[in-house]
Each structure stands twice: as structure tokens, then as C-alpha cells.
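The values are calculated or read from the model by the stated rules, or taken from the named source; none is laboratory data. Since we're looking at a predicted model, the values are computed, not measured. A quick note on method: Cβ atoms are made from the backbone with ideal geometry, for glycine too, and the neighbour counts reach across all protein chains shown.
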Amino acid sequence: MLGLKLPSDPRWVNLAEKSLEEILTDHAYCEQKAATSCITLIVSFPERTRLVKELAPIVTEEWGHFRLVLRELEKRNLKLGNQRKDMYVRKLLDFQKKGGSRDSHLLERLLTFALIEARSCERFRLLSLHISDDSLKEFYHSFMVSEAGHYRLFIDLANEYFEPELVKKRWNEYLEFEAGVMETLEVRGDRIH
């Protein structure tokens, strides 16, 4: 369903489990950035009625997720650490086509956000299946379901506002690029991506 060309390295879950404070910290900031990204899209494209209508509740949901992760840290007597650079997201942002029309900028952002949500969904699925802590399995299963819905929404919005063939072509370019990114990034247990 997600279309990712390269699955996550199987070692990632084991490393994440050994770095629980760090992975939860990174997860919290991912949720905060997702909320901020949706707000930015709404502010940048207020005339896109469906986009505004669909993303407004996602902002609330993502901020709620941030709070859930904070609660999980607190429950485990862990601390929210400092935000770190997300090299995965940075590389995706660098891949976006620069210049062009306002519309082309919207397409690039929708596809970038869809890909981030797809990879997050895949990672949360791995945690929900393979982490040894049963409560974290349930915790991450709910995030997996949510991310799948967000991924689908961004793709649906792209297909509504742009020719489906253009979306499909550019999406495949993103998927190929992202697979290359995944091959080159170090497998780290302190990052969601």
C-alpha cells in the first residue's frame, strides 16, 4: 500500500528499543513538525478549500500525538531531549523542485509530506510488531494507523489538485530517490527516520 521501494533495515527496531528515550524524543519532535507543516500548508494555500478543511483537524491530531509521546516519556521517567537535525527529511526537502509556479510548489510539498508519513507508518508498524514492550506495541500500532491515513490524504490531495499522471510520475521519482536515501543513511536507533 505504501509503495516504499526499500524496507527499513531489520536492525532498526532493536537499536530503537535500546535508545528508548532518544527514539521517543525524536518521535515527539516529528509529531510537532507534522503539526507545523500542516499549519504552513493551510497558511500558504488558504484558497484550497479541501486542503484547509482536511488539514485543520490533522493539526489538532498531530499536536495530540506530540502530547501522547510526552506522556509516554513521563510515564517511563524519561526526559524530552533536544531536537536534532533530521537528515532524512533534509534530503527529501533538497529533492523538491525549486522555482516554478506556486502550484508546482504545492505538489512538491504534498508528495514530500506523503513520503514522510509513509516512512513513519512503516517504522511504526515495525515497532508495533517487534518491540518487546507490549504497551509500546499498542502505542505504536495506533500511530501506524494514523500515519497511513495521513499518507493517503496527502496523495489524495495531490491527485485532486493535479493531473493524476503527473502525480504518479513525480511520486515514482520521489520513491526512487527515497530508496537511495535509505541506502545511504546510517541505521540509527535514536531516529524515527
ask   = What pairs can you find where one residue is in segment 1-28 and on the phi > 0 side of the Ramachandran plot, the other is part of a helix (DSSP H, G or I) and not aliphatic (A, V, I, L, M), and their Cβ atoms are less than 8 Å apart, with a gap of 6+ or different chains?
value = G3/W171
query = How about segment 1-53: which of its residues are surrounded by 13 or more Cβ atoms within 10 Å (Cβ to Cβ), acidic (D, E) and farther than 18 Å from R188 by Cβ?
reply = E31
request  = Report yes if some residue within segment 116-134 is loosely packed, with under 15 Cβ neighbours inside 10 Å, of a type in the set (D, E, K, R) and farther than 21 Å from I23 by Cα; otherwise report no.
outcome  = no
message = Please go through segment 76-106 and give me each residue that is out of contact with any Ser or Thr (no Cβ under 9 Å at 6 or more places or on another chain) and farther than 30 Å from E176 by Cα, ordered by number.
response = R76, N77
request  = Being over 19 Å from the mean Cα position of the chain (by Cα) and at pLDDT 95 or above narrows it down to one of L157, L153, L166, L136, so name that one.
outcome  = L166
ask   = Among P46, P57, which is closer than 23 Å to L2 by Cα, over 15 Å from the mean Cα position of the chain (by Cα) and not charged (D, E, K, R)?
value = P57
query = Residues in segment 106-115: is at least one surrounded by fewer than 19 Cβ atoms within 10 Å (Cβ to Cβ), of a type in the set (V, I, T) and out of contact with any strand residue (DSSP E or B) (no Cβ under 8 Å at 6 or more places or on another chain)?
reply = no
task = Looking at (1) under 29 Å from K169 (Cα atoms); (2) loosely packed, with under 13 Cβ neighbours inside 10 Å; (3) at pLDDT below 95, find the lone condition where D86 falls short.
result = (2)
Selection status of R123, closer than 14 Å to P7 by Cα and either in contact with a strand residue (DSSP E or B) (Cβ under 7 Å, 6 or more places away or on another chain) or among the basic types (K, R) (or both) = yes
